[in-house]
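What follows is one structure encoded as structure tokens, with my remarks underneath.
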2 protein chains.
Amino acid sequence: MSDMAARFAEIVGSAYLLTGDTIPEDYGHDEELTHPPQRPAYVAKPASAEEVSRLLMAASAHGVPVTARGSGSGLSGAARPRADGLLISFERMNAVLEVDTTNQVAVVQPGVTLTELDDATADTGLRYMVHPGELSSSVGGNVGTNAGGMRAVKYGVARHNVLGLQAVLPTGEIIRTGGKIAKVSTGYDLTQLIVGSEGTLALATEVIVKLHPRLDHSATVLAPFADFDQVMEAVPRVLATGLTPYILEYIDNMTMAALIHTQNLELGIPDQIRDSCEAYLVVALENRTADRLDEDVEKTGELLAELGAVDAYVLEGASARKLIEAREKAFWTLKAVGADDLIDTVVPRGSMPKFISTARGLAAAAGGAAVGCGHAGDGNVHLAILCKDPSARHRLITDILALAMELGGAISGEHGLGRAKTPYFVELEDPAKVALMRRIKQSFDPAGILNPDVVFAAESLP
Amino acid sequence: MSDMAARFAEIVGSAYLLTGDTIPEDYGHDEELTHPPQRPAYVAKPASAEEVSRLLMAASAHGVPVTARGSGSGLSGAARPRADGLLISFERMNAVLEVDTTNQVAVVQPGVTLTELDDATADTGLRYMVHPGELSSSVGGNVGTNAGGMRAVKYGVARHNVLGLQAVLPTGEIIRTGGKIAKVSTGYDLTQLIVGSEGTLALATEVIVKLHPRLDHSATVLAPFADFDQVMEAVPRVLATGLTPYILEYIDNMTMAALIHTQNLELGIPDQIRDSCEAYLVVALENRTADRLDEDVEKTGELLAELGAVDAYVLEGASARKLIEAREKAFWTLKAVGADDLIDTVVPRGSMPKFISTARGLAAAAGGAAVGCGHAGDGNVHLAILCKDPSARHRLITDILALAMELGGAISGEHGLGRAKTPYFVELEDPAKVALMRRIKQSFDPAGILNPDVVFAAESLP
């Protein structure tokens, strides 16, 4: 065992430090598609903030790159370690410390999965509403990527639901930010700076999340549209009503076909409608009372018909659940049908038609394709990029991301930059902003140890 | 005219640069209670981001302290300039640039007041929901202090409603952050870092704010409680129902008496109930339909009765509006009755009873009093501190703020630190966090020109 390994082992206990060939391959990757797994030099499994602090101080002192890992379900490679680096896995820090119904918050360790948190709050009538597709994802991972998901259109993304942190700075200080409080104007908002920083500024060791009341009644309306642009035009109209859907998704016809096929969905849509439709809108509603839900569903159906929907299918119980679950698994479906990369660009929702049609045109011109679905209410477009040649694909994706930025959007709406999108970010973003972010990075991490390939290209760090 | 003044005048035009005795006294203060007005050396009124950029570059080059001013309605002294400093007033940058109903956003210059923005959106069915008491406040000021107000319990504070900025760094770069998008995971969230930074990091020259649908029907329920703690215990119960009130305030009996007296409120509450009640809960509800509103009001009344309210008065139209307006003007009422200072501490809402009773005890022990009202749904307690002796008052406020922090809260929920609360912050906050914030400050403002008495004591800057 090397000196460095011995030092890490002394901190976490030798049972919780892995090195070399004893490291399972799983620790070498997340679900990002374009990089092969990379086994790190060390995997440490700390049990406390104090252990994390000592690990980071040791890594800072010796210039060892550090990557944090929650469940490894990320889609941008932010949890992919360096060959010479330390991977800190939060799998042992997986306790729900408190469910506080008076303040409507839960206090959890970063390794808690969304499924575990949902179970822990089930009896309270409250729920953590951030709901990315993968429910095995960890709360710590949600913090890292500023996770979103389908319910963001009503409840916001991780940023809006993380009220406070205990976090360890790479220099070893353990700080607390925010609290069981929904608002604060007391110095800079360190919570919000750390949320979405993908393990490059500080590592969260405790997370205070907001809980919302679980409403008892819900239903899902599925509306096929002959014309893609009509779907997009319907989105702001639905939102302007004040009906506050908790899910508002679009699914293009190719993606819907793949979902129906791979997941054996029975949606009751006649073949002739499926064949003639370019895209679908999914509108999920919820309410405290069954009567109000029924009224809202009816009103939504009428509105969608006015807006050009070919029909509107009200899905309840199992069939609604199956559709939503299939949508959540769209990533796996698109991966199975051969996606070469995945983007989750966000654009102003009014610019979605232009963005999607132009992106499709660019993909076709490159001899590939761009298909997908997305959080229409948020302008967050998930596109699977099918384009085998790596350099053609890089050019295509650069063009698509540049287009999103020209339209007032950004490279990623919820997956983060990770290793996969950092090169595009460095190429396309305003250099004044990248330079400012680099100075902020240095104010947290003077040794540059935290995830040095993410947000900034490693070589551009000091 | 000094060289420096000539330089600033050359940038904004001599008609828009004031110096010396020609500077009206109003520019020397905001509404903070404890400092006398301080006339700055220069007032500049730029018309564009480019002019702001040139002003800041000149100030950075010559070490001139710079304070930004919106409407001057702040309550913590963040807009109070330095004697040797430049005050940048955004009064000429007051255009509503765009109301975009498709993306449900408005794009405004920082000098736009909330009243002007409300007027500009009135016909669209949408509204900017941040609603601090003072509607002459500017959007730029809202950004600076992360303004809150009564509607935050449903719609969040400025932080949750500011989606993007154009901002000028003290080194002169003009950057754009965020956009007409509700979510983004693309590098660090510079928008959220600048929001609430009280003019110490960068100056906003354009703000993209979120708009929400205006719901047509609203009513206000006013419930007196014999016992203060019952009011506090009612708060989480109301929120857990999913009724989503858009206002949830408490008002203590002394404050209510002052509001009724100074504002000639007619609430229809019998004297004997007023005399026997310790505090009031104000619950405002809104809905798309009148029927649902009526049902919700009835349900709220029943719930409040169960929770121990002596009665529940449903206020509609003019009387509801008068009560809410009186509550908005509570600051002026408390100032008129002799408040010596004002705090707007935030604590976990479950800790409000302990916080308020302990704070009152501390005030009484110091020979003073602490009375007020607050955003009960947010745990944001506004206390007027009556205590004439400055050093006794300083000790009292230190004790009260330290108590709030021990309970997991923070010094300010929405007013910001300004000049008034910065000394307490520097004394009470974790030094590791203050040091980190100072490094962040330096990453934006290497010359230390932006509001050097705010967040950090001036002498602690480089």
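The values are calculated or read from the model by the stated rules, or taken from the named source; none is laboratory data. What you are looking at is a predicted structure, and each value in this text was computed from that prediction instead of being measured. Neighbour counts are summed over all protein chains in view; Cβ atoms, including those assigned to glycine, are modelled from backbone coordinates with ideal geometry.
Looking only at the stretch A:220-242, residues that are at pLDDT below 95, closer than 15 Å to residue A:305 by Cβ and touching an Asp or Glu at 6+ places or on another chain (Cβ under 7 Å) come to 1 in all. Is it fair to say residue A:351 is of a type outside the set (D, E, K, R), at negative phi, in contact with a Leu (Cβ under 9 Å, 6 or more places away or on another chain) and in contact (Cβ under 8 Å) with a residue 24 or more places away in the chain? Yes. One residue stands out among those in the stretch B:116-140 that are within 12 Å of chain A (Cβ to nearest Cβ) and not β-branched (Val, Ile, Thr): the one that is nearest to residue B:193 (Cα to Cα), which is B:132. Only residues that are more than 14 Å from chain B (Cβ to nearest Cβ) and among the small types (Gly, Ala, Ser) were counted in the stretch A:377-401, giving 3.
Would you confirm whether any residue within the stretch A:24-41 is closer than 24 Å to residue A:446 by Cβ and either outside the structural domain of residue A:209 (by the TED database) or part of a strand (DSSP E or B) (or both)? Yes, some residue in the stretch A:24-41 is closer than 24 Å to residue A:446 by Cβ and either outside the structural domain of residue A:209 (by the TED database) or part of a strand (DSSP E or B) (or both). Exactly one of (1) under 21 Å from the mean Cα position of the chain (by Cα); (2) closer than 21 Å to residue A:154 by Cβ; (3) free of Cβ contacts under 8 Å to residues at least 24 places away in the same chain is unmet by residue B:102. Its number? Result: residue B:102 passes all but (1).
Give me a count of the residues in the stretch A:320-352 that are surrounded by 17 or more Cβ atoms within 10 Å (Cβ to Cβ) and in a helix (DSSP H, G or I). So the answer is 14. If you go through the stretch B:327-377 and pick out every residue that is under 23 Å from residue B:429 (Cβ atoms) and charged (D, E, K, R), you end up with 4. A single member of B:151, B:92 is away from every other protein chain (no Cβ under 14 Å) and charged (D, E, K, R), and it is B:92.
With respect to residue B:78, is the statement that it is assigned to a loop (DSSP other than H, G, I, E, B) and either among the aromatic types (Phe, Trp, Tyr) or modelled with pLDDT of 95 or more (or both) true? Yes: the conditions hold for residue B:78.
Residues that are polar (S, T, N, Q) and assigned to a loop (DSSP other than H, G, I, E, B) within the stretch A:115-136 comprise just one, A:136. The listed residues are A:391, A:412, and the only one of them that is more than 29 Å from residue B:100 (Cβ to Cβ), outside the structural domain of residue A:172 (by the TED database) and either polar (S, T, N, Q) or in contact with a helix residue (DSSP H, G or I) (Cβ under 8 Å, 6 or more places away or on another chain) (or both) turns out to be A:391.
The residue that is farthest from the chain's Cα centre (by Cα), among those in the stretch A:340-380 that are of a type in the set (Asp, Glu) and closer than 25 Å to residue A:36 by Cβ, is A:340.
Residue check: residue B:153 meets all listed conditions (1) within 24 Å of residue B:69 (Cα to Cα); (2) touching a Gly at 6+ places or on another chain (Cβ under 6 Å); (3) not polar (S, T, N, Q) but one, namely (1). For beta carbons closer than 7 Å, sequence separation of 6+ or different chains, a first residue in the stretch A:403-416 that is more than 7 Å from chain B (Cβ to nearest Cβ) and a second that is among the basic types (Lys, Arg) and surrounded by fewer than 24 Cβ atoms within 10 Å (Cβ to Cβ), the qualifying pairs are A:407/A:354.
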